[in-house]
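> Quick one: the structure is below, questions incoming.
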Amino acid sequence: MKFNFYLIILTFLTNSLYSQNSILAHRYTVSLKPGVTSFKESNTSSRNSVIKNIEYLNSYQNILSISFHDDLNPEEESQYLKKHPDILNFQAVVNFKQRGCNPNDSAYLAQYNMELMKFDEIWCYATSGLSPFGDTIVVGAIDNGFSYWLTDMIPNIYANRLEIPDNGKDDDLNGYRDDYYGLNAKISSEGDNHQGDTHGTEVISVIGAKGNNRVGISGTNQNIKILLCSANSSDELVKCYHYFVKMKRDYLNSGGKKGAFIVSSNLSAGFDAFPDDLPLVCQAYDSLGSVGILNAVATVNENENIDIVGDVPGLCPSSSLIVVTNTNRSDQKVTDAGYSKVNVDLGACGEGIPMLDISGNIREESGCSFSSPHVAGAISLLYQFCPKLTTLNKTKPQSAVSVLHDILLNCGDPLSSLKDVTKSGNRLNIYKALVCLNNYCQDSITDKRPVVLYNNFGSGPVKLKFTPEQFGKYNLFIYNNLGQFIQKQEINYTPDEDYYFLIDINSWPSGVYHVYIEGLDLKWGESLIKI
């Protein structure tokens, strides 16, 4: 009976291992008992040979790799290894499981910006580009033009599916003709015939070059939709912003049947002016905030206090605006980047950033123009998490803007070079922002205990509610009352609301079992009873 019990547990563990890792079938690593100098095949088998291959793994020849013939099943192989008189211990051969979440894009290793601001950490949890309710998340981008048709860009460009391209009509009745791939506000005939432009292409590639496709670079969002609007003057900028407002309002009013779920926008341009010179530009940001769009803008590329020299939109008095200056790979504010303790909000990497040019070639560029797209991208990336935030954006849009505005400014990396020259003194750190967002989401949970075990005494699967303070990887262990190991499970707690985990104890013998969870700063244990 002892052997049968061992075999049941071994089969259970093997099946669990198969489900979580890449097992190499029919291969085992074996250690021999002390004094055994070479492996001899057991005569317990009725076959001439069950072993296909043997390879010694050390010079003492007491650790080896054994391969069985393909027609054996795991249970037969386990029995053979268990009964063999020379074998001390054995384990299945498992391929490495990569721990990082870096994409496989060919030039990704040059993108220091993504690791420094922790975008790579967030990709471990979600890269779908969808909200928790399935909304397609959209970023608005305004620039002089875009080579949006590039291989590494076109999958992430927003397409207005209710519009028939190039028929000269406003098919979706949103007030704009032929806005299939966004809007070209530079021409009176409207439409989406954007001209190729290096600066605009560089900006949108930072936001959302297609990630993990073995091509080029990865944007801040590996999967996202970018709504394009071409502009080159203040009146065209106002037209673009109100186009974004209309598309978002249509989405909210139609329950997602038309329009676009725009949550952020980026402008890597501006005017050497003051708000009184361009009041209608500044007013547009309040309109954007009223429909739940938080807007990132780049400040000037001179070592100037914008309060003195002027900068629009940088000086616009709107809570729906984040003004961004430039930092480098050494976490220093770049000399040629604007500042203001009152009106420049935070820094982001924009110096020596790999991006796509007008032809799709990878090149490094520098400037505040490439700092702000990281913030616009961070906003949209955060909307993959927290149903509470998505609901707030749809019901009280301005409140959602305020929540994320404060999180991004307060939950970053403090830099001495940004202290007293920006409002927050911080450089963008999206991982820290996600931690703060997770705390905001958890505020709605009544029961604050990190783990709650609901014992039903064996009438069905046991439910475990898991809401630790920190998201990440935890391990769950279960032992019986004799201290014998029963089950191990890795739990990957993602930033969201309550996570429920089911433990099926129906087939377990009656008795007391002990459940433990540990990981990060959490150590928890509780007993359950099976009647």
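The values are calculated or read from the model by the stated rules, or taken from the named source; none is laboratory data. What you see is a predicted model, and the numbers here were worked out from it, not measured in a lab. FYI the Cβ positions are ideal-geometry reconstructions off the backbone, even for glycines, and counts take in every protein chain you see. Ligands, DNA and RNA are stripped out before the accessible areas are found, and what is left, the full protein with its side chains, is counted by its heavy atoms. Shrake-Rupley method; radii C 1.70, N 1.55, O 1.52, S 1.80 Å.
> In region 405-442, how many are hydrophobic (A, V, I, L, M, F, W, C), in a helix (DSSP H, G or I) and farther than 17 Å from H374 by Cα?
4
> List pairs: first residue in region 469-495 and among the small types (G, A, S), second residue surrounded by fewer than 17 Cβ atoms within 10 Å (Cβ to Cβ) and part of a loop (DSSP other than H, G, I, E, B) anywhere in the structure, Cβ distance under 6 angstrom, at least six positions apart or on different chains.
Close Cβ pairs (under 6 Å, with a partner that is surrounded by fewer than 17 Cβ atoms within 10 Å (Cβ to Cβ) and part of a loop (DSSP other than H, G, I, E, B)) amount to G472/L520.
> Can you find, within region 480-527, the residue that is nearest to the chain's Cα centre (by Cα) among those that are of a type in the set (F, W, Y) and closer than 16 Å to V451 by Cβ? Spell out how you get there, then give the answer.
In the first step, residues of region 480-527 are kept if they are of a type in the set (F, W, Y); the result is 485, 493, 499-501, 508, 513, 516, 524.
If we keep only those that are closer than 16 Å to V451 by Cβ as well, we get 493, 499-501, 513, 516, 524.
On the way: Y493: 13, Y499: 18, Y500: 21, F501: 22, Y513: 36, Y516: 29, W524: 28 Å.
Out of the qualifying residues, it is Y493.
> Right, another one. Can you name the residue in region 107-126 that is buried (at least 19 other Cβ atoms within 10 Å of the Cβ) and touching a strand residue (DSSP E or B) at 6+ places or on another chain (Cβ under 7 Å) and is also nearest to G360 (Cα to Cα) among such residues?
Q111
> Just the residues that are surrounded by 20 or more Cβ atoms within 10 Å (Cβ to Cβ) and among the small types (G, A, S), please, taken from region 193-208.
G200, S205, G208
> Being open to solvent by less than 10 Å² (accessible area, probe 1.4 Å), more than 30 Å from S399 (Cα to Cα) and among the β-branched types (V, I, T): is that true of I217 here?
Numbers: open to solvent by less than 10 Å² (accessible area, probe 1.4 Å): yes; more than 30 Å from S399 (Cα to Cα): yes; among the β-branched types (V, I, T): yes.
Considered against the rule, which asks whether it is open to solvent by less than 10 Å² (accessible area, probe 1.4 Å), more than 30 Å from S399 (Cα to Cα) and among the β-branched types (V, I, T), I217 comes out as yes.
> Oh, and also: Under 9 Å between Cβ atoms, which residue pairs at least 6 apart in sequence (or on different chains) link something in region 10-39 that is on the phi > 0 side of the Ramachandran plot and of a type in the set (A, V, I, L, M) with a partner that is in a helix (DSSP H, G or I) and at pLDDT below 50?
Taking only residues 6 or more apart or on different chains, not a single pair turns up.
> Only residues that are over 21 Å from S366 (Cα atoms), touching a helix residue (DSSP H, G or I) at 6+ places or on another chain (Cβ under 8 Å) and hydrophobic (A, V, I, L, M, F, W, C): list them for region 299-347, please.
Kept after step one, since they are over 21 Å from S366 (Cα atoms), are these residues of region 299-347: 307-310, 315-321, 341-343.
So of that shortlist, the ones also touching a helix residue (DSSP H, G or I) at 6+ places or on another chain (Cβ under 8 Å) come out as 315-321, 342-343.
Once the filter is applied, which keeps residues that are over 21 Å from S366 (Cα atoms), touching a helix residue (DSSP H, G or I) at 6+ places or on another chain (Cβ under 8 Å) and hydrophobic (A, V, I, L, M, F, W, C), region 299-347 yields L315, C316, L321, V342.
> Provide a single number: the residues in region 303-330 that are part of a loop (DSSP other than H, G, I, E, B) and surrounded by 16 or more Cβ atoms within 10 Å (Cβ to Cβ).
10
> If we scan region 197-208, do we find a residue that is farther than 30 Å from D277 by Cα and acidic (D, E)?
Within region 197-208 (the criterion being farther than 30 Å from D277 by Cα and acidic (D, E)), the answer is no, since none of the residues qualifies.
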